[in-house]
Amino acid sequence: MKKICFVTTVSMTIKAFLLQFTDYLVNKGYDVTFICNTDESMYKLCNDHIHYIPVPMKRGVGFDGLSVINKLTKIFKENNFDIIQYSTPNASLYASIAAKSAGCKNRLYCQWGIRYMGFEGGIKRMIFKQIEKIVCQKSSVIECESDSIYNFSINEKLYPASKGSVIWNGSACGVDLNKYRIDKKPIWRQEVRKELNITENATVFGYVGRITRDKGANELLSAFREIIKTKEAYLLMIGMFDDANTINADLREWSEKSKHVIFVDWTDKVERYYSAMDVFCSLSYREGFGLVVIEAAAMGLPGIVTDVPGQVDTIAPNVDGWSVPAKNVDQVIYTIEHCIDNLDEVRQYGCNARRHVEEKYEQNELFRRLTEHRDILCDAHE
């Protein structure tokens, strides 16, 4: 039985991106171990072929790095994994160093974003670029989440072209079309709009994810505050405020009082809420890919997305969405107004978006190709 270890900084990453792939791998004969920060609920996932080893790690800048690396090195030596796969900034730095030190042959870096990509020069960008280089150098193989992230990395000389690749059309886990059922959209749309007191004919723009500066929340709220001065529309935001001090205080106060902005806490029935939207908005400063954009597309939503590496791969501009520059409120306003005034185009782009997902991001096909890649890595070192 082949043994693979997934290392992430926090458990949320595993729950969001790796659980379904884990089930697929186990069915193909893999033994899977999760390593992340301490989370008692992770033990509920365990069985004969799925294991959990807690290693305290924190997001952001910390001083626990050496201790974490030592713990990981010990775990890797004791378990003799065939593949050690890591993602997210801190976990990738610690695991890549530890896996190299432990002598693991297959050190697989899943490059689901580049931390310094949104930085505009200076010492901070230089430091984080050097950290990214260390991770890439310590890794034996790199899977990029998107073509544009791969191209960005090569242009930045993070690693030689032969070391990295994009599996199929990219994304961390694709879209489960059994969950995002377009045939259920009319009834889900009706139910959610009734629940939120939104009329059937209203135009609804949506967002799903952490509500924070780096996700473009300030730009989205700023644009919408201007939009509703002359247009009738709603903004439906699914998720929690994260790093709330990064959101403009005046904007947050306005949005929480406005009848045109509706906040819903995180839900595991997100497909129902996508159904209530007409256009999806993702204005991130940086992304590895932009999974929420293709989830929304699976429910027939065109996307307004920023033209940053990673996310720009999720749409075909002027076919199933619209691309705008990052941090450009005026362009966001223009594009939202264009959507409100051209609803037939919105509906056509939504149909195109669903077809795009069916052709390029169906989950089982992506999992088949990801597993095939891991099989090849294991067989090369038998």
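Structure summary
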| quantity | calculated |
| --- | --- |
| Estimated vicinal HN-Hα couplings, Hz - region 76-82 in sequence order (Karplus 6.51, -1.76, 1.60; Gly, Pro = x) | 5, 5, 6, 9, 6, 5, 6 |
| Cβ-based exposure ranking for Val279, Val204, in which fewest neighbours within 10 Å come first | Val204, Val279 |
| Cα pair distances exceeding 22 angstrom across region 17-101, given as percent | 26 percent |
| Kirkwood-type radius of the chain, with distances r between different C-alpha atoms, in Å | 21.7 Å |
| Net +/- balance of residues flanking Asn352 in space, Cβ distance below 14 Å, scoring K and R +1, D and E -1 | -1 |
| Subset of Lys15/Lys360; Lys3/Lys124; Lys2/Lys100 violating a 27 Å alpha-carbon distance limit | Lys3/Lys124 |
| Cα gyration tensor category, rounded, prolate or oblate, for region 278-382 with a/c compared to 1.5 | oblate |
| Charge context of Arg368, other residues only, Cβ under 13 angstrom, K/R +1, D/E -1 | -1 |
| Prolate/oblate/rounded label for region 67-172 (Cα gyration tensor, a/c 1.5) | oblate |
| Nearest-ten-degree value, helix 89-102 long axis tilted from longest Cα axis of the chain | 10 degrees |
| Helical mean residue ellipticity (222 nm; -39500 (n - 2.57) per DSSP H run of 4+; nearest 500) of the chain | -13500 deg cm²/dmol |
| Computed Kirkwood radius, in angstrom, where 1/r is averaged over Cα pairs of region 182-360 | 15.9 Å |
| Average Cα contact separation per residue, region 211-327, under 8 Å, 6 or more apart, as relative contact order % | 24 percent |
| Integer Hz, Karplus 6.51/-1.76/1.60 couplings in order for region 42-56, x for Gly and Pro | 5, 5, 5, 7, 7, 8, 4, 10, 10, 10, 9, 10, x, 9, x |
| Amide H contacts under 5 Å for Phe241, placed H, 5+ residues apart | Ile211 |
| Nearest 10 degrees, 0 to 90: helix 329-341 Cα axis against the chain principal axis | 60 degrees |
| Least to most buried among Val270, Val32 (fewest other Cβ within 10 Å first) | Val270, Val32 |
| Which of Leu45, Leu158, Leu108 has the fewest Cβ neighbours within 10 Å, and the rest in rising order | Leu45, Leu158, Leu108 |
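Values quoted throughout were computed directly from the atomic coordinates according to the rules given, and no laboratory measurement underlies them. Please read all numbers here as calculations on a predicted model, not as lab measurements. Glycine gets a Cβ as well: all are built from the backbone with ideal geometry, and neighbour counts include every protein chain shown.
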